[in-house]
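Structure first, commentary second.
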Amino acid sequence: MRRLVVAISGMNATDNPGPGVGVARSLRQSGFADVRMVGLCYGSLEPGAYMRDIADVSYLLPFPSEGVSPFLDRLRYIHEKEHIDIIIPNLDAELFIYIKVRDRLEEMGIHVCLPTIEQFDSRQKHHLPEFGERLGFRVPKSVQCNTVDDFLSSEGELRYPIMMKGNFYEAYYASYREQAVAYFWSLLAKWGAPVIAQQYIIGGEFNVVGAGDGKGNLISCVPMHKQFITDKGKAWAGVTIKDDQLVEQARRFVESTRWMGAFELELLRGEDNFLYLIEINPRMPAWIYLATAAGVNIPEQIVRLALGETPTPCVDYEVGKMFIRYSWDMVVNQSEFGQFSVKGEM
């Protein structure tokens, strides 16, 4: 039997980490006997590309903003060399283009497990209030801001403190107007419009990672309580917990949307003890390896779904498993960096 070849993006294991390294670690411990891991990177300094136990080979990709043709041409070149079976895109900013070219990837023999464009768009941050109302989720008051005037004119709808959120990534706590405006410009420059201003809810932060089969069935689910959060709103430590309410939220989400593939729900339990949905991510989170360590290998399930298989549902996990992220100085040869930067492959 030919070796399974899986290409993975999100290899940026930085202070704003992508899920790629965790996905690769999970697949190394999956039920697949032999997997060749192909790293797909958008910069030559993405650490995952240099981790020998993570990526067998790595390639640079053009940014999706450069257009479909250069993106597809590069993937076709990589496919000719690597004979990719499955691509697992792990970054919000690239998911739209992968969904858009799904049929052409299938024609090339590359499989993906992704939501539809309607599903992807419905859970975007600026659609979250309508989405929550339609599905019966509590959502903090949110305002979509394309310009700073939009923010200033809607300021009266929110009470400080508020959260300023980027279109794709990053969220910052703002306790007064000048701080919020500064974050607005920073997020707009980095991630584009709209920037989301959201009412801050005091309470504990929880995340749920899972996967749906596209037919309304929840095939996996692991809730986590954040223990430490960075200034960018990223979990730096967390622990798996038993919480039937969180699992039910995930089940309702999948049943209502008939979601296909991986997802992450970000929720707050407020001082009123109600759960508030603050974000839906259409892919696996950076902490995905915690779910694997707790007994639920979601990346393996995603691969099986992409191959057309029906994974066995798994919502039983070990409670009390904890992750603590850390920084590690990895030393590589400058020649490797030079080769990757110039040739675009390593």
Could we say that LEU290 is surrounded by 23 or more Cβ atoms within 10 Å (Cβ to Cβ), outside any loop (DSSP other than H, G, I, E, B) and without any contact (Cβ under 8 Å) to a residue 60 or more places away in the chain here? no
Here are some residues: GLY18, GLY39, GLY22. Which one is of a type outside the set (A, V, I, L, M, F, W, C) and at pLDDT below 95? GLY18
Has region 316-326 got any residue that is of a type in the set (Phe, Trp, Tyr) and touching a helix residue (DSSP H, G or I) at 6+ places or on another chain (Cβ under 9 Å)? yes
Report whether or not VAL38 is of a type in the set (A, V, I, L, M, F, W, C), in contact with a helix residue (DSSP H, G or I) (Cβ under 7 Å, 6 or more places away or on another chain) and touching a residue at least 40 places away in the same chain (Cβ under 8 Å). yes
Quickly run through region 50-90 and pick out the residues that are in a helix (DSSP H, G or I) and hydroxyl-bearing (Ser, Thr, Tyr). TYR50, SER65, SER69, TYR77
Taking the condition of being of a type in the set (S, T, N, Q) and outside any loop (DSSP other than H, G, I, E, B), how many residues in region 1-46 meet it? 1
Within region 142-156, considering residues that are surrounded by 14 or more Cβ atoms within 10 Å (Cβ to Cβ) and of a type in the set (D, E, K, R), the one nearest to TRP191 (Cα to Cα): ASP150
Restricting attention to helices (runs of 4 or more DSSP H) lying wholly within region 91-155, give those where 3 or more residues are at pLDDT 90 or above and under 30 Å from LYS81 (Cα atoms). 92-100, 102-108
Kindly indicate the residue of region 305-320 that is modelled with pLDDT of 95 or more and either surrounded by 22 or more Cβ atoms within 10 Å (Cβ to Cβ) or under 22 Å from GLU205 (Cα atoms) (or both) and also nearest to the chain's Cα centre (by Cα) among those meeting that condition. LEU305
Scan of region 270-285 for residues that are within 20 Å of VAL23 (Cβ to Cβ) and either of a type outside the set (D, E, K, R) or assigned to a strand (DSSP E or B) (or both), ordered by number: GLU279, ILE280, ASN281, PRO282, MET284, PRO285
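The values are calculated or read from the model by the stated rules, or taken from the named source; none is laboratory data. These numbers come from a predicted model, not from an experiment. Because the Cβ atoms are built from the backbone with ideal geometry, glycine has one as well, and the counts that use them run over all protein chains shown.
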